Amino acid sequence: MDSELAEDLPADVVAGGTPGKKGDRSPFVPKVTASASVEYEHPVSEDVSVYGLGSANYRGASFSAFRPVTAADIAAGADDNYYSKLPSYVLLDLRAGFRTGRYDINVFVDNVTNEVTYSGLNANIDATRVYSARPRTVGVGMSARF
């Protein structure tokens with residue numbers, strides 16, 4: 001499903017630096033996102049099992065605005081919107097552990113490839129702030145059911 005403008009943005013919005021025409025893609029919304037996961041569990045006794053889990057999340061490229069501000073827009077008094085492309089990325093996560101009746105203890109690695117993502121950005125005259133996924137994170141988890 002495409003996320004796009006159903007009609008041109010009003011003139012006062014365009015004059016404020018947010019140009020948008022019918023059919024423009026919505027900012028920060030990629031055309032494609034996908035996720036997949038796989039889990040394998042193997043019992044080692046009546047109460048204990050070991051497991052492994054892997055997941056992948058894909059986010060396609062998107063843009064920071066409906067469309068770039070043109071030189072004519074700026075000449076007419078509109079602010080620059082610093083139109084930028086956010087590249088696509090894939091995040092991979094792994095987890096392995098064991099489960100007993102009530103407890104689950106695992107080790108995990110999130111963002112296995114240490115992918116630097118652009119999940120959002122705020123660009124202006126001074127700088128561009130990039131919002132990104134956490135870097136590779138390794139840890140131990142434990143949970144209990146009550």
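The values are calculated or read from the model by the stated rules, or taken from the named source; none is laboratory data. Everything numeric in this text was worked out from a predicted model, so none of it was measured. Positions of Cβ are backbone-derived with ideal geometry, glycine not excepted, and every protein chain shown enters the neighbour counts. Side chains are part of the model used for accessible areas, which takes the heavy atoms of the whole protein and leaves out ligands, DNA and RNA. Shrake-Rupley method; radii C 1.70, N 1.55, O 1.52, S 1.80 Å.
A DSSP coil position with no more than 16 other Cβ atoms inside 10 Å describes the following GluC sites (Glu not before Pro) in region 40-146: 46, 115. Computed 3J(HN,Hα) for region 18-25, one whole-Hz value per residue from the Karplus formula 6.51 cos²θ - 1.76 cosθ + 1.60 where θ = phi - 60°, is 10, x, x, 10, 3, x, 5, 5, glycine and proline marked x.
With R₀ set to 35 Å, the beta-carbon distance separating residue 146 from residue 90 gives a calculated FRET efficiency near 0.45. Among 53, 121, the order of accessible area from largest down is 53, 121, computed with a 1.4 Å probe on protein heavy atoms.
Here the relative contact order of region 2-146, from alpha carbon pairs under 8 Å that lie six or more residues apart, stands at 19 percent. If one computes the Cα centroid of region 106-146 and of region 20-38, what distance in Å separates the two points? Comparing the Cα centres of region 106-146 and region 20-38, I get a distance of 20 Å. Heavy-atom surface analysis with a 1.4 Å probe gives the chain a carbon and sulfur content of 56 percent of its accessible area.
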